[in-house]
Every structure is written in structure tokens, then in C-alpha cells.
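Let me begin by presenting the structure, written as C-alpha cells, before commenting on it.
The values are calculated or read from the model by the stated rules, or taken from the named source; none is laboratory data. Model, not experiment: these values are computed from the prediction. Here the Cβ is made from the backbone with ideal geometry for all residues, glycine too, and neighbour counts use every protein chain on show.
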Amino acid sequence: MQPGPRNLITDVAGLYVGHMADPLLRSGVSVLVGDAPFTAAVHVMGGAPGTRETDLLAPDKLVQQVDALVLSGGSAFGLDACSGVTDGLAAIGRGFAVGAVRVPIVPGAILFDLLNGGDKAWSRNPYGGMGRAALGAAQTDFILGTVGAGYGAATGALKGGLGSASAVLGNGVTVGALVAVNALGSVTVGDGPQFWAAPWELGAEFGGLGLPAAFDAGAEPLPRKRMGEATTIAIIATDAALTQAQALRMAIAAHDGMARAIVPSHTPMDGDLVFAISTGARPLLDPVADPFLLGHAAACVLARAIARGVYAARAMPGDLQPTWGKLFG
């Protein structure tokens, strides 16, 4: 398993990511879109999710593919970003065909960043416009950290961010992750710079520091945010051809990566959620071994993406939390 050429989710061919953020609002939106609709599923492990159009991602539902996925700040207000993306896709003729009409299918998930110091006194919800702008900005290369849905994110102790990573497997399949890290738990071990995700790091993509020689395994952490203020929302993508049920299994396995990278994770106060998508470009060669390997790869890639998002966060005036770079860089 090696990183793809960009070490981004867009190493899965045919996928593009766009971001939009408002510095005064201290919030933003990230959009994943493809050359064509893609198979998608979702799995929620946190106790406080905020979502749109996720019920239709169940394997028994009529629509099996979607046109885009949205990760957004703004709590419930941020769900309107999906409307902006829907409008943008409709304008170019994308969507699920119902007779002569096309209806873009755009599920999304949000995180809470309403108390991060930004100006939230808007007269009109800004997230629809940001969603459409993020769609228009979609490309294969993008930066990490303080960008898009991770622009106003925070963790238990450090400033959060937007992360991504990829892996090319020995069978030629590519797996990628995109994640906005706004967790209640910590991504670093104790008070030090080492990341919990260190055992799965490839190269020095988030510092190459490894794990500390020892840590307090009996520590009993206390919540540093209030109920409803935290979540980690992610997308796992692959070019392997998966059914919606198989994509769901990959999403479930990917949650292991969240637990490896954030301690604690999946708390009652987090809305931890993973979308999983398949572009279907590469058929599964082994119906047993390939899905088994995909689940493992999804967990590893998501753990790395979480650490990369926090590692890349940029310090800005008015921050309520320090960045990893400011403390340890």
C-alpha cells in the first residue's frame, strides 16, 4: 500500500473536490463531485449527526447513485449548502432522470462551528451560495488544513481542519479519504506532538514522529465541548466496483480509522459519519479478498487523512485554539 501521486481523494480517477470558505464567517463548504454519478452509502457512529438525503443511500432504496456529496460547517444552517450544489448541477443538466426532468441527488453532512468566533449574524443563510461556489471550484488538486468544511473546525485541544489521503493497493485499486475534523476527542497523544494515527503514517505525511515511548493508558478524558458542538465527517472513495451494500461495509470498516486517529471517538456528543463511494472503474477480481482488503485500506487512509488535516491547519487572528504547527512545528 502506497500513497497515490497526489495523496488526495482525487487520486481516485474521475473525482474532483471544491472548497469555499468565508474568513469573516470562519466557516466553509467542501464538495466532492465526479465525471459521472457514483454509488454511495453512509454509516453513522456518532450520537449527534446532522445530515441531508442520507435515507436514500440505503441498499433497498430506488436511487443507487448520487451526483455529489457535501461536507459543510454551519450546523443545521450548513445543510443548505446541498441546495446550492443541487442548483449548480441542475444548471448543467446533471441529475437522476425522471421523464424529461433531472433531479440532482446531493446528500450531505454538517459539523458545528457556530461558536468559533466568526461573524454568524447573517441576514440570509450563506451556505447555499458557498455550496454552489465550491462546486464551481472543483478540481483534482487542493490544499489541506484551514480550508472548506474544515475552515472553522476545532478538536478537543487543537484547531481542526480538512484532511485527505490516498493509497494504491497491490491489486491496483485506489482508495482515498476526505475528512473534516471537528472532533470532541484528541488527535494527538497526551500533551505531545505525536499523532494517534502514527502507526499508519506513510512517509512523513504528518511529521513522521511516530508514537511516544509511553502514554497514560488509564487516562479518563473529560469532554472539552458541549453536546452538539463536535463531529468528524468523512468520505471514503474507491475505483473498485462496489454495490451499495458493499460500499456500506466499507464505510463501517472506515470508522475503525476514526477510532485509531481520535481518542475518544464516536462519543454521544459527536456526529461521526462516513460516506463511502465507488466510481466502479475497476471490477473486483476476488469477491472475498478484495472487499476484505478495501475495508482495511479505508480505515488506514481515513486515520492518515484525519492527522493530515490537523497537521496542516493554519493559524489565523482570532483563533480560539492553537494549531499543531504553532505548538509543535
*Test for Gly93: is it modelled with pLDDT of 90 or more, touching a strand residue (DSSP E or B) at 6+ places or on another chain (Cβ under 7 Å), farther than 30 Å from Ser265 by Cα and not in a strand (DSSP E or B)*: yes
*Residues being in contact (Cβ under 8 Å) with a residue 12 or more places away in the chain and among the hydroxyl-bearing types (Ser, Thr, Tyr) - total across the stretch 105-142*: 2
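Out of the residues in the stretch 189-241 that are of a type in the set (Val, Ile, Thr) and at pLDDT below 95, which is nearest to Ala157 (Cα to Cα)? First the steps, then the outcome.
Step one: of the stretch 189-241, the residues of a type in the set (Val, Ile, Thr) are 189, 231-233, 235-236, 238.
Narrowing further to those that are at pLDDT below 95: 189, 231-232.
Values: Val189: 11, Thr231: 14, Thr232: 15 Å.
In this case the residue turns out to be Val189.
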*Could you list, in sequence order, all residues of the stretch 11-37 that are surrounded by fewer than 24 Cβ atoms within 10 Å (Cβ to Cβ), under 17 Å from the mean Cα position of the chain (by Cα) and within 24 Å of Ala254 (Cα to Cα)?*
Asp11, Tyr16, Gly18, His19, Gly34
*So which residues in the stretch 96-132 are more than 12 Å from Ser72 (Cβ to Cβ), in contact with a strand residue (DSSP E or B) (Cβ under 7 Å, 6 or more places away or on another chain) and either assigned to a strand (DSSP E or B) or hydrophobic (A, V, I, L, M, F, W, C) (or both)?*
Phe96, Arg102, Val103, Ile105
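Criterion first (in a strand (DSSP E or B) and either among the β-branched types (Val, Ile, Thr) or surrounded by fewer than 19 Cβ atoms within 10 Å (Cβ to Cβ) (or both)) does Thr267 satisfy it? Please lay out each step first, then the result.
Details: in a strand (DSSP E or B): no; either among the β-branched types (Val, Ile, Thr) or surrounded by fewer than 19 Cβ atoms within 10 Å (Cβ to Cβ) (or both): yes.
No; evaluated as a whole, the condition is false for this residue.
Just to be sure before I move on: is Ala21 in contact with a helix residue (DSSP H, G or I) (Cβ under 8 Å, 6 or more places away or on another chain), at pLDDT 90 or above, in a strand (DSSP E or B) and of a type in the set (A, V, I, L, M, F, W, C) in the structure I sent?
Working: in contact with a helix residue (DSSP H, G or I) (Cβ under 8 Å, 6 or more places away or on another chain): yes; at pLDDT 90 or above: yes; in a strand (DSSP E or B): yes; of a type in the set (A, V, I, L, M, F, W, C): yes.
Against the criterion (in contact with a helix residue (DSSP H, G or I) (Cβ under 8 Å, 6 or more places away or on another chain), at pLDDT 90 or above, in a strand (DSSP E or B) and of a type in the set (A, V, I, L, M, F, W, C)), Ala21 qualifies.
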*Out of the residues in the stretch 169-193 that are more than 30 Å from Ser75 (Cα to Cα) and not hydroxyl-bearing (Ser, Thr, Tyr), which is surrounded by the fewest Cβ atoms within 10 Å (Cβ to Cβ)?*
Gly170
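Counting only residues that are touching a residue at least 60 places away in the same chain (Cβ under 8 Å), among the basic types (Lys, Arg) and in a helix (DSSP H, G or I), how many does the stretch 306-329 have? Steps first, please.
Within the stretch 306-329, the first condition is being touching a residue at least 60 places away in the same chain (Cβ under 8 Å), and the residues that meet it are 306-316, 318-324, 327-328.
Next cut, among the basic types (Lys, Arg) only: 308, 314.
From what is left, the residues that are in a helix (DSSP H, G or I) are 308.
Number of matching residues: 1.
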*Test result for Ala137, under 18 Å from the mean Cα position of the chain (by Cα) and surrounded by fewer than 18 Cβ atoms within 10 Å (Cβ to Cβ)*: yes
*Report the residue count in the stretch 71-116 for those that are of a type in the set (Gly, Ala, Ser), in contact with a Lys or Arg (Cβ under 8 Å, 6 or more places away or on another chain) and surrounded by fewer than 21 Cβ atoms within 10 Å (Cβ to Cβ).*
3
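Here are Ala303, Ala289, Ala281, Ala297: which of them is without any contact (Cβ under 8 Å) to a residue 60 or more places away in the chain, among the aliphatic types (A, V, I, L, M) and farther than 29 Å from Asp119 by Cα?
Values: Ala303 fails: without any contact (Cβ under 8 Å) to a residue 60 or more places away in the chain; Ala281 fails: without any contact (Cβ under 8 Å) to a residue 60 or more places away in the chain; Ala297 fails: without any contact (Cβ under 8 Å) to a residue 60 or more places away in the chain.
One residue alone meets the criteria, Ala289.
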*Within the stretch 243-250, identify whether any single residue is over 16 Å from Trp324 (Cβ atoms), at pLDDT below 95 and in a loop (DSSP other than H, G, I, E, B), and answer yes or no.*
yes
